[in-house]
Amino acid sequence: MSSIPKLNEDVMKACQLYVDNLIKPIHSLGKLEEMAVRIAGITGIVKPSYLSKALVIFGGDTAVDGENKTKGQLSHDEMKLVARGYGPVNVIARQLEAPVYLIDAGLEKDTSDIEGVLTKKMIHGTHHGRPAMDDEVVENAISLGMSVAKTLAAQGVEAAGIGNIGERSLLSALAVTASIMKEDLMKVSQGSSFQLSLSGVGDFAKDPVGNLAEVGSAEIAALFGFVVEAARKGMIVVFDNAVTGAAVLAAVTVYPEIRNFIFPSVYYEEPIHKMQMQKLKMNAFLHYDFTEAEGFGSALGLSLLDAAIDMLNQMKTFGTADVDVAIDGAGSGRQRKEIK
């Protein structure tokens, strides 16, 4: 993973100076300014143009041999809906001019009858209990995610929003998150009225395959591989809910340097998601009370990348518009007429 590119700090400094000189109170656009500067650092361009984008959604059902009344029909129907272009995520994707790629990594039902779905099924849904999968299934799912990222990078995709489709996927998201945060959770439980048992769960950073096999799911394993390889290729990754968050948390736990390429999107009023964001030390940008999966939040997150780039390319500086710069306050000395 030493091949993961570093952010261009010189370009970031130049971009920050340019942002500070846009006609507005300094720092008044908050997180949007931070996004613009990081995008500049990733692309190596002070004022990058629009990024080529895509939505990547992996499917997988969890605990299919547990309590399972629908037998995978709900996720099968949802996959078909998105494949036909009728899902909420499709609406946003069309506005972004971003293709939506659907990959079946582990749905219970067969999806070969759905046009527009890449069926690379590693397992027909994960098992109830432990282990959830065999190591080989996890390895193949990770390889699948990496292969998809390589293909998109070769096609020129610069930013990808990730999503998931699958029944009971929140169970695997919780289990993966707990396995990564077991030390944090054990400390919290000490001295309280409850006891937390995470016996048999090893160090995730040292054995991600083994841990994902014990408590994960095929789509989280595939998303994990995608996030890792996307970062290696210098691609921005936008995530949304607790399932995609579990994959991002897993990837950052194993390879901390990839966090430079990760952008959150939507805030979810969901305990697992909150745990993940706290551990990642990230704050979601959008607060809209969403519960929708299938990459909907990530698609909206991609739109924020466009907004940050619009800010850089369409707003004018004090010098360009011949507007007086600040003579006191936070902008004094930082805002200069020669910055154009």
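The values are calculated or read from the model by the stated rules, or taken from the named source; none is laboratory data. Bear in mind the structure is a predicted one, so any value in this text is a computation, not a measurement. Please note: Cβ atoms are built from the backbone with ideal geometry, for glycine as well, and neighbour counts cover all protein chains shown. Areas reflect the complete protein model, heavy atoms only, side chains present, ligands, DNA and RNA absent. Shrake-Rupley method; radii C 1.70, N 1.55, O 1.52, S 1.80 Å.
Numerical summary
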quantity: Some residue of the range 46-60 being closer than 30 Å to K337 by Cα and hydrophobic (A, V, I, L, M, F, W, C); calculated: yes
quantity: Residue in the range 196-218 that is small (G, A, S), open to solvent by less than 60 Å² (accessible area, probe 1.4 Å), within 30 Å of G44 (Cβ to Cβ) and modelled with pLDDT under 95 present; calculated: yes
quantity: Matching option when the condition is small (G, A, S) and either in a helix (DSSP H, G or I) or under 27 Å from L174 (Cβ atoms) (or both), among A330, A307; calculated: A307
quantity: Unmet requirement for F290, which otherwise passes all of (1) in a helix (DSSP H, G or I); (2) surrounded by 18 or more Cβ atoms within 10 Å (Cβ to Cβ); calculated: (1)
quantity: Given (1) in contact (Cβ under 8 Å) with a residue 24 or more places away in the chain; (2) within 28 Å of I42 (Cα to Cα); (3) over 16 Å from the mean Cα position of the chain (by Cα), index of the condition L107 fails; calculated: (2)
quantity: Pair list, Cβ under 6 Å, 6 or more apart: the range 209-226 residue at negative phi and among the polar types (S, T, N, Q), other residue open to solvent by less than 10 Å² (accessible area, probe 1.4 Å) and assigned to a helix (DSSP H, G or I); calculated: N211/S179; S217/S172
quantity: Pair list, Cβ under 8 Å, 6 or more apart: the range 112-137 residue touching a residue at least 12 places away in the same chain (Cβ under 8 Å), other residue open to solvent by 100 Å² or more (accessible area, probe 1.4 Å) and not in a loop (DSSP other than H, G, I, E, B); calculated: none
quantity: Residue match in the range 275-283 (condition: under 14 Å from the mean Cα position of the chain (by Cα), within 25 Å of L102 (Cα to Cα), at pLDDT below 95 and open to solvent by 10 Å² or more (accessible area, probe 1.4 Å)); calculated: no
quantity: All positions within the range 301-340 that are basic (K, R) and under 29 Å from L286 (Cα atoms); calculated: K316
quantity: Any hit, the range 284-294, residues being at pLDDT 95 or above, under 13 Å from the mean Cα position of the chain (by Cα) and under 22 Å from L170 (Cα atoms); calculated: no
quantity: Complete set of residues in the range 45-97 that are open to solvent by 80 Å² or more (accessible area, probe 1.4 Å) and in contact with a strand residue (DSSP E or B) (Cβ under 8 Å, 6 or more places away or on another chain); calculated: E97
quantity: Unique residue being within 13 Å of M133 (Cβ to Cβ) and touching a Ser or Thr at 6+ places or on another chain (Cβ under 7 Å) when the list is V215, V238, V209, V243; calculated: V215
quantity: Residue among V243, V252 that is under 17 Å from A175 (Cα atoms), modelled with pLDDT of 95 or more, within 12 Å of the chain's Cα centre (by Cα) and open to solvent by 10 Å² or more (accessible area, probe 1.4 Å); calculated: V252
quantity: Residue that is surrounded by the most Cβ atoms within 10 Å (Cβ to Cβ) [pool: residues in the range 1-16 that are in contact (Cβ under 8 Å) with a residue 12 or more places away in the chain and within 10 Å of V37 (Cβ to Cβ)]; calculated: C15
quantity: Failed item, numbered, when A160 is tested on (1) without any contact (Cβ under 8 Å) to a residue 40 or more places away in the chain; (2) within 23 Å of D240 (Cβ to Cβ); calculated: (1)
quantity: Among residues of the range 158-167, those that are in contact with an Asp or Glu (Cβ under 7 Å, 6 or more places away or on another chain) and not polar (S, T, N, Q), counted; calculated: 4
quantity: Residue among A141, A154, A93 that alone is modelled with pLDDT of 95 or more, within 21 Å of V248 (Cα to Cα) and under 21 Å from the mean Cα position of the chain (by Cα); calculated: A141
quantity: Selection count where residues are on the phi > 0 side of the Ramachandran plot and open to solvent by 50 Å² or more (accessible area, probe 1.4 Å), scope the range 116-147; calculated: 1
